[in-house]
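Data first, discussion second: the structure below is written as structure tokens.
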Amino acid sequence: MGYTHYWKRPKRLDIKRFKAFASDVRRLMASAPKEIEIAGWSSEGEPTFSADTLAFNGKGEQGYETFRVDRIIKDIKPFRGKYMEFCKTAQRPYDLLVCAVLIALKHHFPEVDVTSDGGASDWSAGLGLYEDVFGETPNDGPWDRT
């Protein structure tokens, strides 16, 4: 058990929207506070940005569980027509970026449902990063201030 973010999504995500989403994630990573170090899936190496996969973790001790979004789900069974994914961050520093990326995911794919063990206050830093980069305040998620 640990601090976790969840998202339910369709099996396939549109390739054009996925590319736009990946581009936004790169902008978020470039704008994240410098003390948040991002690495690849094993808390080492580089994050993954491909046509079909986006994956990152905190670097070294800042990491916990890899955040990953695949354009096409391969090895998960659906539940009530959607596929459940999650990422435990234990609220380590990279959680800020995970939150901002989930907001971007919801922006590009409104059909995705995002939930979290955290409330709006736990999402405030990630929402702030998203707002700073894109100049808008998205609603309809655990980050919603209303």
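None of the figures in this text is laboratory data; all of them are computed from the coordinates on show. Here the structure is a predicted model, which is why all the values come from computation and not from measurement. Ideal geometry is used to build each Cβ from the backbone, glycine not excepted, and the neighbour counts take in all protein chains shown.
Tabulated results
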item: Every residue from the range 74-87 that is under 16 Å from the mean Cα position of the chain (by Cα) and either surrounded by fewer than 18 Cβ atoms within 10 Å (Cβ to Cβ) or among the aromatic types (Phe, Trp, Tyr) (or both); result: Tyr83, Met84, Glu85, Phe86
item: Of all residues in the range 1-36 being charged (D, E, K, R), in contact with a strand residue (DSSP E or B) (Cβ under 8 Å, 6 or more places away or on another chain) and buried (at least 16 other Cβ atoms within 10 Å of the Cβ), the one that is nearest to Phe109 (Cα to Cα); result: Arg9
item: Among (1) within 20 Å of Arg17 (Cα to Cα); (2) among the aromatic types (Phe, Trp, Tyr); (3) in a loop (DSSP other than H, G, I, E, B) - the single one Trp143 does not satisfy; result: (1)
